1. How large is the direction-averaged shadow of the alpha-carbon convex hull of the chain, in nm²?
2. R0 = 45 Å: FRET efficiency of ALA233 with ASN586, Cβ-based, nearest 0.05?
3. How charged is the neighbourhood of GLN747? Take every other residue with its Cβ under 12 Å from the Cβ of GLN747, and add Lys/Arg as +1 and Asp/Glu as -1.
4. If I stretch the segment between GLU756 and ASP452 completely, what's the gain in nm (0.36 nm per residue apart, minus their alpha carbon distance), one decimal?
5. Taking amide hydrogens as modeled 1.01 Å from N in the peptide plane, which residues meet the under 5 Å criterion relative to GLN477, leaving out close sequence neighbours?
6. In cubic angstrom, how much convex hull volume per residue do the alpha carbon atoms of segment 74-232 span?
7. Can you give me the solvent accessible area of GLU536 with a 1.4 Å probe, rounded to the nearest 10 Å²?
8. Probe radius 1.4 Å, ligands and nucleic acids left out: which of PHE695, PHE210 has the largest accessible area, and how do the rest follow?
Amino acid sequence: MKNYIIADEWSIIEEGFDPHYHQISESIFSLGNGRMGQRANFEETYSGQSLLGNYVAGVYYPDKTRVGWWKNGYPEYFAKVLNAANWTIIDINLDGEQLDLAKCEVISFRRELNMKEGYLKRNFRAKTAGGKEVEVDAIRFCSMVDDETAAIRYTITPVNFSDAITITPAIDGDVMNKDSNYDEKFWDEVSKANQTDGGYVVMRTKKTGFEVATGMKFSVLQNGQVVEAPIEAIKKEKYVASKITLQAQQGQSISIIKYVANLSSQNYQPENLVEQLNDTLNRIVTKGFDTMLAEQAAAWAKKWEHNDIIIEGDVSAQQAIRFNIFQLNQTYTGEDDRLNIGPKGFTGEKYGGSTYWDTEAYCVPFYLATADQKVTRNLLLYRYKQLGKAIENAALLGFKDGAALYPMVTMDGTESHNEWEITFEEIHRNGAIAYAIFNYVRYTGDESYLADYGLEVLIAIARFWSQRVSWSQAKRQYVMLGVTGPNEYENNVNNNWYTSTLAIWCMDYTMQVIEKVKASASEKYAALAARINFDEETETYRFKHIIQNMYYGYDEKLQVFLQQDGYLDKEQILVKDLPAGERPLNQKWSWDRILRSCFIKQADVLQGIYFFEDRYDIDTIRRNFDFYEPRTVHESSLSPCVHAILAAKLGDEARAYEFYLRTARLDLDDYNNDTEDGCHITSMAGTWMSVVEGFGGMRVRDGKLSFQPFIPEKWSSFSFHIGFRGALLNVKVSKDGVHIKNASATQVTVVVFGNEHLVEANGEVIVKNS
Ligand code: BGC
């Protein structure tokens, strides 16, 4: 765990430059706008350790699978998020000496990610080996208003010299993915050009043929005045730059404003890319840096109006929750149903792909409550559109008749993952996709989604489960063999309680939805059944038979659900008895040792209890929590939030807070020692859930929002915004009670501590603590 980020309510701040933290900071200070994003690489050359990262949403490359031992059914390719053209470069040369913080004495250094207004700012003073001292101020952002654009203002002031300074803004398409399986480069050059005040590079991905045009225009100012300096155009393979040399005067600043646009062939015809790129660049140049920056602040202010969580009395918790919300909004804006939320967003390459079950299980609740309902609908439609591929994927593994198995990791619907125990066995992901449909409808009341799209997905998933279970003659029950639950520290187990519970729920829910759609849209139902050859009588007969005869492990003595067959045969050791030096297990133990141990990577049985909480009485929840949590190492970032919510439900406020801290500052404090690879974007939605569903106790039941809040001891109050069926609520919890304000013209009934209250249009309700 690190502790170098300075606490501040609205900003992430690093003071002093420690190269050891640089790659962590490159992740933490990342920028994005849903369409593109980048790690916080320096503009000027940096020869120290750094992970270069510029990404364009939806642009990927299927890297040929590399495994030690090929297994039938493995996908041939792993779709990777691509490191794209680097547009941040502004190289600085001080009369022959390159400015490079790895080679300078860094006198002072400060970087700040301003989350309120959405920009990254850096200020430093450095002295070169030759004794030249400069002060630099750099500010940049990815525009939330015009999401194909970005801008940088880079100001350099010579502190102790007057001499030539050469500034070279560039676009470099000659980049590589660090995780390239065969050390290949994934981009070919299509075209490039230098222009008087800029240049561009058009690159095409190998295999997938995406074209991305990245261009810049710039202006240079000396002492605040635009200067026309001679420009030397530089062109190399996949690279354009403009070299500008100015005679600098001691104490007088030189600024370059670099305007950038990044356009992809997903949105334009390839032959029009360059023209569109120039139009876009001209548009932002005309607007100007200051206007763009002001618009950026306004766009973020609007986001915060619906997203912000205010924590009073704990700056570090305040900073952390805003960081999580900020990064989620930088990653996904919900405007394009071809995009999704990668576990690393725009902050790193690790994990490839963009879509995991994380989206449905963790991100959907966040977007449901903080964004327009169409945002979550787009996330669901993304999966709807990939249904055909999920059916093909299942067919590859021997399933038939329209059964669908959604991929573990994907970009375009094709499975990308290639570890047999996950690709073939971690099938609970299919259930999460069904659960998200249920969750969306429960939250929004939008039942039309079911008839139009949801039911088709549900039937395909239910068909999969009905084929995936098998009949055990010995038990005279259905069993689910050879699976991996969310706890990936167990593979190829039988009867993982979570997977079986979710599978049976899917079949049951599908049948409920069939009845609903038959009643509300019988013609649509008939058309769908005919189109997908759904033989309702026979297929639902099988669903019912499985539902009624499914086997679930249960231990009578402990009275807990059994994570999987044989779990109690393992030596039962608790995490607290593990020597600290042996953790994280995934970095310290051999895999077989992990598999044989009782240690649990992340919520598994407890994930099921979280999903289906209403089915279980509080004692059942407590027994399972008390049994499984002490065996859980939380080595997935997705783990602490579910535990925080359940601990809150159990009234264990101290533990709920402890888990919250672990998820909220996971990246800021580099808790798992892996933030340098990128931030854990999807688990950030879990942090939000810990506050709203955990401390706020928010649930949606019978079409109503309910709250059962408590306030962590350290805080004096916390408040959050919730959009619900047209109403916009601000819920503030303080030591005195709960204050709910409605900032909309829609009245809404809420339940607080079990009692109903009407919150009128633009009205408020105060529930005092008794
Ligand atoms: C977790 C998975 C998760 C993936 C991506 C893994 O470490 O075990 O549940 O889907 O990370 O976040």
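1. On the way: hull surface 135.8 nm².
Result: a mean projected hull area of 34.0 nm².
2. Numbers: r = 50 Å, r/R0 = 1.11.
The pair ALA233/ASN586 has a calculated efficiency of 0.35.
3. Values: positive: ARG725; negative: GLU760, GLU764.
The answer is -1.
4. Details: separation 304, 0.36 × 304 = 109.44 nm, distance 3.32 nm.
The GLU756-ASP452 span can extend by a further 106.1 nm.
5. Correct list: SER472.
6. Working: hull volume 27.6 nm³, N = 159.
Normalising the Cα hull of segment 74-232 by residue number yields 173 Å³.
7. 50
8. On the way: PHE695 0, PHE210 30 Å².
So the residues, ranked largest to smallest area, are PHE210, PHE695.
The values are calculated or read from the model by the stated rules, or taken from the named source; none is laboratory data. The model shown is predicted, which means the values in this text are computed figures rather than measured ones. Note that we place each Cβ from the backbone using ideal geometry, even for glycine, and neighbour counts take in every protein chain shown. Note: accessible area is taken over every heavy atom of the protein model, side chains too, but ligands, DNA and RNA are not part of it. Shrake-Rupley method; radii C 1.70, N 1.55, O 1.52, S 1.80 Å.
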